[in-house]
């Protein structure tokens, strides 16, 4: 927009980069730096980030003069009250049948199924609908109006199962969610608690199930160590 002249950058006073760690982790560093080059030197920059990885600290040194760091209390996310299990899935292509089997055994109030990519969200939601399951889908490349519509239906209970990327994991709370399924084990440790922690807020009991291929088992062990928790293999008789 700036390059096309549709947005005049000279008059901008404030640049806010929200979820800075997520944006950098998704490969937007070059685009952010390009935008900054068009801004006036006196612009004030605010970076909001749940974590402070090296890339974020590097950005503060390039964009800011005498920056002030403001630390706030961690979100109310917790693993307390959340039963965590994994299902060993030898092959990636077997995950879908495993998910269908879970539908037959669990009573789902509302559930979120997380995938690591937009492509996987689109593929899985299409497969579920082909199998006559009613699901909604959301990811970051959808138009904001479309995402708002999906969230409105999910919050009202019109939709009971939402398939999403990590765009849903941070900052959104739907109190009726009692089940989170990680169709893909999250690629970062921080996203694990953002994904499943909301099912256990405000004293609620939640259930998290991780689909794990042989290659994912190491990541699960690392999550256990990082959060001082236990992710056990899912028993045959499990109630949601």
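Readers should treat all values here as calculations from the given coordinates under stated rules, not as data from a laboratory. Being a predicted model, the structure only gives us computed values, none of them experimental. Cβ sites come from the backbone with ideal geometry, for glycine too, and all protein chains shown count toward neighbours.
Couple of notes before you dig in:
- Relative contact order [Cα under 8 Å, 6+ residues apart], segment 82-233, whole percent: 36 percent
- Förster-model FRET efficiency, 35 Å R0, residue 52 and residue 156, C-beta, rounded to 0.05: 0.45
- Remark: the residue 217-residue 106 segment gains 37.6 nm on full extension, using 0.36 nm per residue and subtracting the alpha carbon distance.
- Computed FRET value (nearest 0.05) for residue 229 with residue 2, which takes r as the C-beta separation and R₀ as 35 Å: 0.20
- With Rh defined as the Kirkwood radius, the inverse of the mean 1/r over Cα pairs, the Rg/Rh of segment 1-72 is 0.96.
- Between the Cα long axis of helix 217-227 and the first principal axis of the chain there is an angle of about 70°, rounded to the nearest 10.
- Mean-position separation - Cα centroids, segment 128-144 and segment 100-119, in angstrom: 12 Å
- Choice from 155, 189, 37 with maximal GNM fluctuation in the chain (Cα, 10 Å cutoff): 37
- Most fluctuating residue given options 91, 195, 54, as computed from a GNM of the chain linking Cα atoms under 10 Å: 54
- Angle of helix 144-156 to the longest C-alpha principal axis of the chain, folded into 0 to 90 degrees and rounded to 10: 40°.
- Length added when fully stretched, residue 123-residue 94, from 0.36 nm per residue minus Cα-Cα: 9.0 nm
- Between 0 and 90 degrees, the angle of helix 118-130 with respect to the longest Cα principal axis of the chain falls at about 30 degrees.
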